[in-house]
Amino acid sequence: MAIDHSTRPATSPAEREADWLRDLRAGWQSRLEATPAPSGQEEEWRRTSLDGLPWEARAAAVPMAGTFDLPSHLADAGVIFGDLATVAAERPELVQRYLGQRETLPAQAHFWALAHAAWQSGTFLYVPRGIEIDETLVARVDLSGSPASFPISLVVAEEGSSVTLLEEIHSDDGVAAWFGGISDVVAGPGARVRYASLQRLGDAAWHVGAQRVEVGQDAEVITLNAEIGSATTKLGVDVRMTGKGGTSRLLGLLAAGGTQHIDINSVQDLIGSHTTSDLLYLSALYDRARAAFYGVTRVEKEAKGTSSYQECRNLLLSPQAGAEPIPVLEIETNDILRCGHGATAGAIDPIQRFYAQSRGLSDEEAERMIVRGFFEQVVSQVPSERIKEAVLGALAGRIGSDREADEGEVAA
């Protein structure tokens, strides 16, 4: 008998939650019950099956352990950074203004509603108007020991503010788990936000999540999704260019091996005039790993003078690895500056490999150096040394240490 996943009861919230939060959960629970889980027939879902997703783990979901470090001078300036549940209890008037106020892509609507109904933990970052933060804030969350968790990351940058946030997500290998976290990023007029998610879940975990970004007038947002762990990842990225003159850069790094499956679908929705939105996602696939990318750039009728591009490139480092990049353009106006796409999937160029080996590198060292150079196209665009260091360190576990490659380059 088929199971109706949409009507499964969500995890019960804390007994002493405020009325506003209890009502908010109830509203999202109603939406969850009215929004069926993907059937697999949707274009965004036909490359990823949910047959192995541990739906029953919802009933055992627990809060994720998280660490948040906020320097005292930023706290004194009004910056708030901490666990979402704690902040909701201490500053309800602020959290209520932003939590659960937006919806996302129809393809991710079921899981978006699930997180809003069932969350018990998460990240809340609020930067007041005009506050510019130079250092990188870091939130670390650990799923180890939990069969499921549905945290919400809510990032709000008010007008003229700037902030850089790195979220690191981890769980142990060999432990089946479901990470259903979502992210909601709001950049007010003239704000600058850099948001990076480094996913290092264990090799038996599922990652089914969604990310929504709203870019206000003259705001600038850079997002980086580094997908390295998990058995299966399905992520929906929803970028709304609502404000005139806004800019977004969507960056992604996928490094997968074994039988890993990573599937990304994105929508760059250009709503405001004179907006710019560019996407660059790169994957390196080993063994029998597979990656899928379905990206839509949508230019609305009222959007004038926009510029956008999406590029997805895949390195196949094994004859058994596979990639399926599918870019789509939906343009409803003839007043655009640029709108294009590029997609590739293939092995390392034999000439490139031969040249590296001719400089004294072994075949393994040459491959490692080429992959590192490939990923550098994204890493070099990240304006945070803290994020670069964390991402390169995580990638080393997949592509190997860079010491030998560096020594080969020096010797050459």
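Nothing in this text is a laboratory measurement; each read-out follows from the coordinates by a stated rule. Model, not experiment: these values are computed from the prediction. Please note: Cβ atoms are built from the backbone with ideal geometry, for glycine as well, and neighbour counts cover all protein chains shown.
Listing for the model above:
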quantity	calculated
Using a Förster distance of 51 Å, the FRET efficiency for residue 20-residue 287 (Cβ separation, nearest 0.05)	0.55
With Cα atoms, 0 to 90° folded angle of helix 385-399 axis to the chain main axis	60
Nearest 10 degrees, 0 to 90: helix 109-118 Cα axis against the chain principal axis	60
Among 106, 71, 87 the positive-end extreme of the charge dipole of segment 64-130 (Cβ point charges)	106
Dipole moment magnitude, nearest 20 debye, the chain about Cα centre, only Lys, Arg, Asp, Glu C-beta charged	560
Degrees separating the helix 19-34 axis from the principal Cα axis of the chain, which is the longest one	60
Burial ordering of 354, 124, fewest other beta-carbon atoms within 10 Å first	354, 124
Top positive-direction residue, dipole computed over the chain with Cβ charges, set 180, 155, 340	340
Taking segment 162-306 and dividing mean pair separation by its residue count, relative contact order in percent (alpha carbons under 8 Å, at least six apart)	19
Distance in nm between pseudo-label sites at residue 67 and residue 129 (7 Å out along the Cβ direction from Cα)	3.6
Least to most buried among 382, 221, 138, 328 (fewest other Cβ within 10 Å first)	328, 138, 382, 221
Among 94-106, 156-168, 78-90, the order from most to least packed when residues are scored by Cβ within 10 Å on average	156-168, 78-90, 94-106
For segment 123-151 versus segment 267-297, the gap between their alpha-carbon centres in whole angstrom	24
Reachable aspartates and glutamates, given that their alpha-carbon falls under 18 Å from the alpha-carbon of residue 301 and they are not under 8 places away in the same chain	269, 330, 332, 335
Relative contact order computed over the chain (Cα-Cα under 8 Å; 6+ residues apart), in percent	10
Order of 264, 326, 222 - criterion: other Cβ atoms within 10 Å of each residue's Cβ, fewest first	326, 222, 264
Theoretical FRET efficiency, 1/(1+(r/R0)^6), r = Cβ-Cβ of residue 334 and residue 380, R0 30 Å, to 0.05	0.30
